[in-house]
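Just below is one structure, and these are the notes that go with it.
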Amino acid sequence: MNYFQLFNLPATFELDLTELGSRYLKLQKQFHPDQHSSGSERDKLLAVQQTANINDAYHSLKQPLLRAEHLLALRGLKISHEQRSFTDPQFLMQQMELREQLADIDNSADPDAVIDSIDRQLQQQKNALLKQLGAALVTETSEQDQLAADLIRKLKFFFKLQQELELIEQQLQD
Amino acid sequence: MALLQIAEPGQSAAPHQHKLAAGIDLGTTNSLVAAVRSGEAKTLANSQGRDMLPSVVRYTADRVVVGDAAMAAAVEDADNTIVSVKRLMGKGYQETAALKQQVPYRLVDQHGLVAIDTVQGVKNPVEVSAEILATLANTASETLGGELNGVVITVPAYFDDAQRQATKDAAKLAGLTVMRLLNEPTAAALAYGLDSGQEGIIAVYDLGGGTFDISILRLRRGVFEVLATGGDSALGGDDFDHAIVNYLQQQTGEAELSHQQMRQYLTLARQVKEQLTERDDVSFSVPTARGDVDGKLNKTNFEQLISALVKKTIRACRQVLRDAGLSNEDIVKVVMVGGSTRVPLVRNQVAAFFATEPLTSIDPDKVVAIGAAIQANVLVGNKADGDTLLLDVIPLSLGLETMGGLTEKIIPRNTVIPVARAQEFTTFKDGQTAMALHVVQGERELVDDCRSLARFELRGIPAMPAGGAHVRVTFQVDADGLLSVTAQEKSSGVQANIQVKPSYGLSDEQVATMLKGSMQYARQDMQIRLLREQQVEAERVLEAVSQALRADSALLGIDELEAIEQALTELSRVKQADDIAAIKAAIEHTNHLTDDFAARRMDQSVRSALTGHNVDEV
C-alpha cells in the first residue's frame, strides 16, 4: 500500500506535517467506525479495517525514519525486517563510546547534567544524519537509495540510544 | 399522521426517526445513566428521584435488589450484598487474593474466574454488573418513554481487554445494544469540551471508587485526540476508606473483623472521609466487641494516611506526560472526575503538579455519564453531522509469547485505535498443521509479569516441509479497544481456523448459556429477541446497499446489479417472516454478492475524500 497516495501527497521525504495531520483528520472523520455505527455489520468491519489502515499510514509518514523506510520500500528496497550486521568500524566505535557513557550515568555526581549532555550529542548527530538522509532520498538512483538505507540503519542506533536514555532518566526520577 | 413537524435545531426533521439512546457510567461505587433531551445532556433520576444508583446488588432467596435498597442491607446481609463488583470484572480467581481480605462477601473459583457465592448460588461479576445495567436501562426507558435503541457504556481508559470484554458481556446479558465502550476520561472531556469550546492540551484526572485514570488529550475543532493514557486499575477512593479502617482497627485494637463489622467500619470510614472535606477534625464512635469506643481523626492525620496513595497517582501523571512527550507546562486545563477528587489533598496535589487550578464546574460524579450521553446521541444517529471525532488509544501494549517466556510487542501502548498489525510465523516441523499462540497485555519483558489475554490455536494449516508454511496472523483492535485475531496461510491462501481460549473471560458459548439461563429471558423472549436482532440487521443491510446502489451503481456490471437487486428483494421478503435462519442466510447471501462492490466503493471514496476539497474545511 502506498501511504503517500492514501493521503494524496507527493512521495517525498520532505513532508508538510501540518498538511499531513489535517488530511489524516479529514479521512478519519469520514471513515471512523463512529461515523458508521448504524451501518450493517459488514460495513462496520470495513470501517474498522479502513481506519486501521489510515492510522497505520499516518503513523508511518509522521516519523522521519519510518517515512524514509516506506519511501525506500516503494522504490523496491525493503529494510524493515532485515537481519544484517554492520561493518562500519568507525561508526561502531562511536556507538560503543556512547553506550559506555550511558552505563556511567549511575556513577556520576550530577546524573542530570550527564543526561542532558548525552541527549544533546544524540540530538546533534541524529539531526545531521537526518539531513543527509533527506538529501540522499531526493534523487532516485540505486546508489542514492543504498546510501539512504545505510543512513536509516545508523539512525536506528541513535533512536534506540535515545529510548534507553529516556528509560534511565525515568528510573532516576522514580 | 402528524400535520406539523417541529424539529429542534440541528436535529432530524422527522420526529418518528428520533432514536432513544443513553450513556451509562458503570462505576465502582455509583452508576448513572444520562441522555440528551431537548438538546441538553442530563443524568436521569429513577422513580425515587435519585440519579446516583449505588453499584450494589443484593441477592435474597427469591429476589434481586439493586441500588439504595441493596445498600441498606449491606451490613446485615454482607455475604449476599455485592459492592464494588467492578474491581472483579475480567479477573481470575488467583489474581483477586488481595481483594479477598477487603470485600465483605465470599469469593469463589468459577473455572479459574472469580465469582461470588450467594444465597442464589454462584454469581459471576458479569451477571452482577448486568443487574446494575438493566436497572439503569429501565430508568432510562421509563424516563424517555420507550425501549433504548443503543447505549454507550464508559470504562476506565486503563481497562485491559478482559475487563472491557466482561463489560460488554454484561450489557449483552442485560439485553442492551452497546454502540461503543467509551473511555471515562474521553467522556469527561467530551462533556467539558462541548460546554466551553476549549482548545489545547488537557489532562483528565479521574479518581473513582476503585480505579484511577490519567489521560492527556488534545482538543481542536471537535477532534478529541487521546495522546496518552495511564493509571492504576486497582487504586481509588475505596483505598482511602480502607486506610481509615486500618487506622480505626489500630485505635480500637480490633484485629479481626467479621464481614458485618467490616461493612460497618467501611461505612463509618466513608462518612469520616466525606466530613473531612469540609471540616478539620471529626469525632465518631466505633463499634467494637467491648461496646462503642470514641474515636477522632483530624485532617492532617487523614492526609498522612492517604498521602502515599495520592503520590502514586501523581507518579502516574508524570509517566503519562512522558509518554505523550509533553511537560506539565503544556497542559492548559485539568478536568477532575470521580467523587474522590473532592478530597482536598487530591485537589491540592493535582493543582500543584500541573500548576493550574483544576476544572470542577460539572459535578465530578456526573461528568462521565453526561459525556457518554452526548456520544450516544451522536452514534444512534440523532445528530448526523460528523463534527466530533474521538480518537482513542490502546492503554496497554499487546504482545506475543516467544521462546523462553519472553514477550514480543506487536502493538505498543498508546497506539491510536482502531489498529491492525500482522505478524508472520513459519512452521518448524515437517507436516505441521497447527500452531499455538499466547497473547499477553502489559509492558514487561517476561510473559509471567504481563497479563495473559488469550491462547489461540491455529488449525488447518496445509501440511508442508518445515518452514514452508507462512502463516500471517493479524491482530486487530477495534474502536472499543477489543482484540480480534485472524490468520491466513500465505502460499495456499487457506484461512486457518482459530480457537480462542480467553484467559480471564467467558467464551461466547458461556455467555450464550448465561443468557438462556437468565431469569429475565424465558425461552420465548430469547427467540423474539434474536429475531428482532436479525430483522434490525436485515434493515441495516437493505438500507446500506440501497443507498450504495443509488450513489454508485455505475461501478457494477449489469449482471452484478441484477443479482444484487434480486438478493435485496429476497431479503426484504424474508425479513417479514419469523424464520431467523432464513433471514441470516439472506443477509449472508447479500453480503457475499456485495463484498467486491463495497471494496470498490471504499477505494473510490478514499480517493475522492482528499481531492476537490479545500483542506481548510477540515
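Taking the criterion of being under 22 Å from B:GLN319 (Cα atoms), modelled with pLDDT of 85 or more and not assigned by TED's automatic domain parsing to the domain that holds A:GLU14, would at least one residue in region A:138-156 satisfy it? No, region A:138-156 has no match at all.
A count restricted to region B:92-121 and to residues that are on the phi > 0 side of the Ramachandran plot and not in a strand (DSSP E or B) stands at 2.
For every residue, the table says whether it meets (1) part of a helix (DSSP H, G or I); (2) among the acidic types (Asp, Glu).
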| position | (1), (2) |
| --- | --- |
| B:ASP292 | no, yes |
| B:ALA308 | yes, no |
| B:LYS312 | yes, no |
| B:LEU326 | no, no |
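Among the conditions (1) more than 23 Å from B:ILE216 (Cα to Cα); (2) acidic (Asp, Glu); (3) within 16 Å of the chain's Cα centre (by Cα), the only one that B:GLU401 does not satisfy is (3).
Scanning region B:365-386 turns up at least one residue that is within 22 Å of B:ASP478 (Cβ to Cβ) and touching a Phe, Trp or Tyr at 6+ places or on another chain (Cβ under 9 Å).
Go through region A:27-55 residue by residue and tally those that are more than 15 Å from B:THR594 (Cβ to Cβ), facing chain B (nearest Cβ under 7 Å) and in a helix (DSSP H, G or I). Residues in region A:27-55 being more than 15 Å from B:THR594 (Cβ to Cβ), facing chain B (nearest Cβ under 7 Å) and in a helix (DSSP H, G or I): 13 in total.
Starting from residues that are assigned to a helix (DSSP H, G or I) and open to solvent by 30 Å² or more (accessible area, probe 1.4 Å), keep the ones in region A:1-21 and report whichever is nearest to A:ILE54 (Cα to Cα). Taking the candidates together, the pick is A:TYR3.
Among the residues of region B:591-612, count how many are within 30 Å of A:LEU20 (Cβ to Cβ), in contact (Cβ under 8 Å) with a residue 40 or more places away in the chain and within 11 Å of another protein chain (Cβ to nearest Cβ). Residues flagged as within 30 Å of A:LEU20 (Cβ to Cβ), in contact (Cβ under 8 Å) with a residue 40 or more places away in the chain and within 11 Å of another protein chain (Cβ to nearest Cβ) within region B:591-612 amount to 2.
Return yes when B:ASP449 is free of Cβ contacts under 8 Å to residues at least 24 places away in the same chain, over 20 Å from the mean Cα position of the chain (by Cα) and open to solvent by 70 Å² or more (accessible area, probe 1.4 Å) and no when it is not. The answer is yes for B:ASP449.
Could you please let me know if A:LEU98 is more than 9 Å from chain B (Cβ to nearest Cβ) and within 26 Å of B:ARG221 (Cα to Cα)?
The answer is no for A:LEU98.
Among the residues making up region B:561-590, those that are closer than 10 Å to B:GLN534 by Cβ and in contact (Cβ under 8 Å) with a residue 12 or more places away in the chain are B:VAL574, B:LYS575, B:ASP578, B:ILE580, B:ILE583, B:LYS584, B:ALA586, B:ILE587. Residues that are open to solvent by less than 70 Å² (accessible area, probe 1.4 Å) and either within 14 Å of chain A (Cβ to nearest Cβ) or of a type in the set (A, V, I, L, M, F, W, C) (or both) within region B:427-446 comprise B:ALA434, B:MET435, B:LEU437, B:VAL439, B:VAL440, B:GLU443, listed in sequence order. Inside region B:132-147, residues that are touching a helix residue (DSSP H, G or I) at 6+ places or on another chain (Cβ under 9 Å) and surrounded by 23 or more Cβ atoms within 10 Å (Cβ to Cβ) make up a count of 2. Across region B:549-590, the qualifying residues are those that are open to solvent by 30 Å² or more (accessible area, probe 1.4 Å) and under 15 Å from A:ARG42 (Cα atoms), and the one among them that is farthest from the other protein chains (Cβ to nearest Cβ) is B:ALA585.
Residues that are open to solvent by 20 Å² or more (accessible area, probe 1.4 Å) and within 20 Å of B:ALA376 (Cβ to Cβ) within region A:44-53 comprise just one, A:LYS44. For region A:83-122, a tally of residues being within 30 Å of A:LEU147 (Cα to Cα) and open to solvent by 70 Å² or more (accessible area, probe 1.4 Å) returns 12. Of all residues in region B:371-386, one or more are within 14 Å of another protein chain (Cβ to nearest Cβ), among the charged types (D, E, K, R) and over 16 Å from B:ALA140 (Cα atoms). On inspection, A:ALA68 fails the criterion of being within 11 Å of chain B (Cβ to nearest Cβ), touching a helix residue (DSSP H, G or I) at 6+ places or on another chain (Cβ under 7 Å) and in contact (Cβ under 8 Å) with a residue 40 or more places away in the chain. Being touching a helix residue (DSSP H, G or I) at 6+ places or on another chain (Cβ under 6 Å) and either open to solvent by 30 Å² or more (accessible area, probe 1.4 Å) or touching a residue at least 12 places away in the same chain (Cβ under 8 Å) (or both) is a description that applies to B:TYR105. In region B:165-281, counting only strands (runs of 3 or more DSSP E) that sit wholly within it, the ones holding 3 or more residues that are farther than 30 Å from B:GLN534 by Cβ and in contact with a strand residue (DSSP E or B) (Cβ under 7 Å, 6 or more places away or on another chain) span B:200-207, B:212-220, B:223-232.
Looking at region A:134-174 only, could you name the residues that are over 18 Å from A:MET96 (Cβ atoms) and touching a Phe, Trp or Tyr at 6+ places or on another chain (Cβ under 7 Å)?
Listed by number, the residues that qualify are A:GLY134, A:LEU137.
Where strands (runs of 3 or more DSSP E) fall entirely within region B:339-416, those with at least 2 residues that are open to solvent by less than 10 Å² (accessible area, probe 1.4 Å) are at B:389-391, B:398-402. Here A:ALA113 passes the criteria (1) in a loop (DSSP other than H, G, I, E, B); (2) within 23 Å of A:GLN163 (Cα to Cα); (3) modelled with pLDDT of 85 or more except the one numbered (1).
The values are calculated or read from the model by the stated rules, or taken from the named source; none is laboratory data. As the structure is a prediction and not an experimental result, all values here were calculated from the model. We place every Cβ from the backbone using ideal geometry, glycine too, and count neighbours over all the protein chains shown. What goes into the accessible areas is simple: the full protein's heavy atoms, side chains included, and nothing from ligands, DNA or RNA. Shrake-Rupley method; radii C 1.70, N 1.55, O 1.52, S 1.80 Å.
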